[in-house]
DNA sequence: ACTACTATCGTAAACGTTTACGGAAGCTAA
DNA sequence: TTAGCTTCCGTAAACGTTTACGATAGTAGT
């Protein structure tokens, strides 16, 4: 005898009563409920996940899908951990658990997702690392699984999303650099078809066009969104016949490798070239300090959680504003790395 | 009609036959099996997780417990992502799925674990961020849940573990620095009761004693295992009446903040003070390059997976070497940051 | 032709919950 | 007293699988 039966026998009541007592149903005597709660605490009883999920058709688990492998996301160390912490503060209120669904680099994300969903693993999903074309969206929409994405995609099935405002960052960065007299501005993007690369580069192109400038194709640098990728970008910049006088970095970690690569050639950010990047715990301690765009990751997590729950019938009433799509603003953080202006001291 | 019943009706066989065919049981006709497999593929059928888990008493899920929040582990995202990738290559062979169980910084890890285990969420667990005293170990042992830990603890219940060889790193670092003439050597440790702090500091103490030196208490720096923590350590070092001539960093990320903090005071690692730390994707691009200790994270993940499976009856036969405890060696990576020797050029 | 065996498959119970339903007891109002 | 209501609780079905068991048919041996 196990689980709820054990508890019921121990209390000399039926399993139905135990279940009702634990689930806060109305038709149970206050005294009985108290006894049940106490006994459950004492015996360390927690309802079996599988039995409950099987009966209720809901697991109480929300999955955050992400990919393993070292150089995939291009986020800094603590990016996801901070976001998760925000997500959980919301989920905890609804007795929901967040788990990270880890798609191996060996497996196709689409296949992985299909498996997870078919198994009925989670009641809702948050997708990250969205691609330009992302079949996961179609699949989830067809199966009517509640989900949102951190990041957009061309594959639009009407689901809510939250994405960082890379357009805003692109616009502000270009405007700022052009105002300082820069004409040859390099931009970076991930090597793969991650969506953010497209929106970022395209907006940079537009912003330059507004100033009568063209984004030159050989100044668009693709790289792994990692420190090593940043190092390669530095080498590529140094190898240019006509070097750019400024560079805008869309990923968090590449600034580290870029700094090193430039400095090895005696080119110092802020003195010999202007650099604008993304804020991160590391970037904060770069020297010279990185002019960058920052965001509150915990708040982002909270917003992700609320947006997802608003799409789920069971929880929607707590979030009357409804599901939405939202560009998350990036805040400008002044630094020393963009101090260089080509007007004053060409290199 | 759903799930296996649908598939069975579609094929005009019984659900028992479908189940047997999909699970590779012997008593099913080869032709029938082929039809079932094809139909399952076509209809995208995957057994429901809850039903299967309920019946089999096993979920096919292995949980890796970790804590969310930004400054907890002192590892980067990339640390765990790389380890996970190794773990999954092994698990994939057994059709096991790895999920990260994310304990919020708001919740007590012990309570969280109890909930997860009681719900029967995972068949096995890998614990990280082990504490000096860690009640999770007792609990899992009492419940006879298969688990291992990445990291040791004083709370020893006989479970297998893999831990990084911080003793070896301490020994080698101290020996190296003393040989270079250093006498005042600072060491770092996490601010909390993470186990690694104890073993690391104690071994440093022993290693110094072997050279007739004492580890001075005011040269043991506690900090968050983060970049910000490293910055604080730099400030503290600079504030010493009699500055240490060398410092050994046990966590990965603190070198970044330390470098910045020192450089702000004109103290350059490698020229004015010797620094030895841990290798990481960032550390690789620090300038001057960090003399450090490194490891192959993917291999560590593979070893973790194999060690866990060896403790699980269902899978143990594939891993005849049995469960074990293992200190994972850290490889010395030469760099420039420990070039300074107090004999030649005191600062 | 009868037995014994094998190959294949259907049936039904079980896993641990939740919940619809109904029943027993107590109370109120006529 | 009795009908009707309320409060509380027990019973049993259902969720989607897996698997022990038994049934059937075919095959081979005597």
*Roughly how tilted is helix B:30-43, in degrees to the nearest 10 and between 0 and 90, from the longest Cα axis of chain B?*
60
*So how far apart, in nm, are the two label points at residue A:23 and residue B:31 if each is 7 Å from Cα heading toward Cβ?*
4.7
*asked:* At 222 nm, what value in deg cm²/dmol follows for chain B if DSSP H runs of at least 4 each add -39500 (n - 2.57) and the sum is divided by all its residues, to the nearest 500?
replied: -12500 deg cm²/dmol
*Percent relative contact order of chain B, based on C-alpha pairs within less than 8 angstrom and at least six residues apart?*
16
*asked:* Per 0.36 nm of contour for each residue apart, how much would the distance between residue B:211 and residue B:179 grow if the chain were fully extended, relative to their Cα-Cα spacing?
replied: 10.6 nm
*Antiparallel bridges, percent of DSSP beta bridges restricted to the protein assembly as shown (to nearest 5)*: 15
_Residues listed by number, the range B:77-113, amide nitrogen under 20 Å from residue A:94 label point at 7 Å toward C-beta_ = B:101-107
*Which of B:13, B:333, B:187 moves most in a GNM of chain B, Cα contacts under 10 Å?*
B:13
*If you project the alpha carbons of chain A onto the principal axes, what extent comes out on each, in Å, largest first?*
87, 39, 38
*Report the residue, chosen from B:24, B:261, B:57, that carries the largest GNM mean-square fluctuation when chain B is represented by alpha-carbon nodes joined by springs under 10 Å.*
B:24
_Taking every DSSP beta bridge with both residues inside chain A, roughly what % is antiparallel (nearest 5)?_
10
*Can you give the Rg to Rh ratio of the protein assembly as shown, both from alpha-carbon atoms, with Rh computed by the Kirkwood formula?*
1.00
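Take every Cα-Cα pair in the range B:3-47 and report what % of them are more than 16 Å apart.
On the way: 189 of 990 pairs.
Pairs farther apart than 16 Å: 19 percent.
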*Every other copy gets compared here: list the nm distances from the residue A:58 label point (7 Å along Cα to Cβ) to its counterparts, shortest first, one decimal.*
3.1
*How much of the DSSP beta bridge set in the range B:196-347 is antiparallel, as a percent to the nearest 5?*
30
*Measuring from the lowest to the highest alpha carbon on each principal axis, how far does the range A:134-177 reach, largest first, in angstroms?*
46, 15, 12
*asked:* Using a label point 7 Å beyond Cα on the Cα-Cβ vector, give me the inter-copy distances for residue B:6 in nanometres, one decimal, shortest first.
replied: 3.6
*Going 7 Å from the Cα of residue B:42 in the Cα-to-Cβ direction, what parts of the range B:14-35 have a backbone nitrogen less than 13 Å from that spot?*
B:34-35
*asked:* What number does the range A:46-153 give for Rg over Rh if you use C-alpha atoms and the Kirkwood radius?
replied: 0.96
*Relative contact order of the range B:3-47: what whole-number percent is it, with Cα pairs under 8 angstrom and at least 6 residues apart?*
42
*Return the single residue from A:151, A:229, A:322 with maximal mean-square fluctuation; model: Gaussian network over chain A, springs between Cα atoms under 10 Å.*
A:322
*Please report B:300, A:96 as a ranked list, fewest other C-beta atoms within 10 angstrom at the top and most at the bottom.*
B:300, A:96
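Below 8 Å between Cα atoms, with a sequence gap of 6+, how large is the relative contact order for the range B:166-294 in percent?
Normalised by residue count, the contact order of the range B:166-294 is 23 percent.
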_Report the Cα centroid-to-centroid distance between the range B:118-157 and the range B:263-305 in angstrom, as an integer._
30
_Neighbour-count ranking [beta-carbon atoms within 10 angstrom, fewest first] of B:315, B:198_ = B:198, B:315
*Would you calculate the separation in nanometres between label points at residue A:1 and residue A:135, each defined as 7 Å from the Cα along the Cα-to-beta-carbon direction?*
5.2
*Hey, for residue B:24 with labels 7 Å out along Cα-Cβ, what do the inter-copy distances come to in nm, ordered shortest first?*
4.5
*Does the range A:166-294 classify as rounded, prolate or oblate by the C-alpha gyration tensor (a ≥ b ≥ c root eigenvalues; a/c under 1.5 gives rounded; else a/b over b/c gives prolate, otherwise oblate)?*
rounded
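None of the figures in this text is laboratory data; all of them are computed from the coordinates on show. All values reported here derive from a predicted model rather than from experimental measurement. Backbone-built Cβ (ideal geometry, glycine too); neighbour counts: all protein chains shown.
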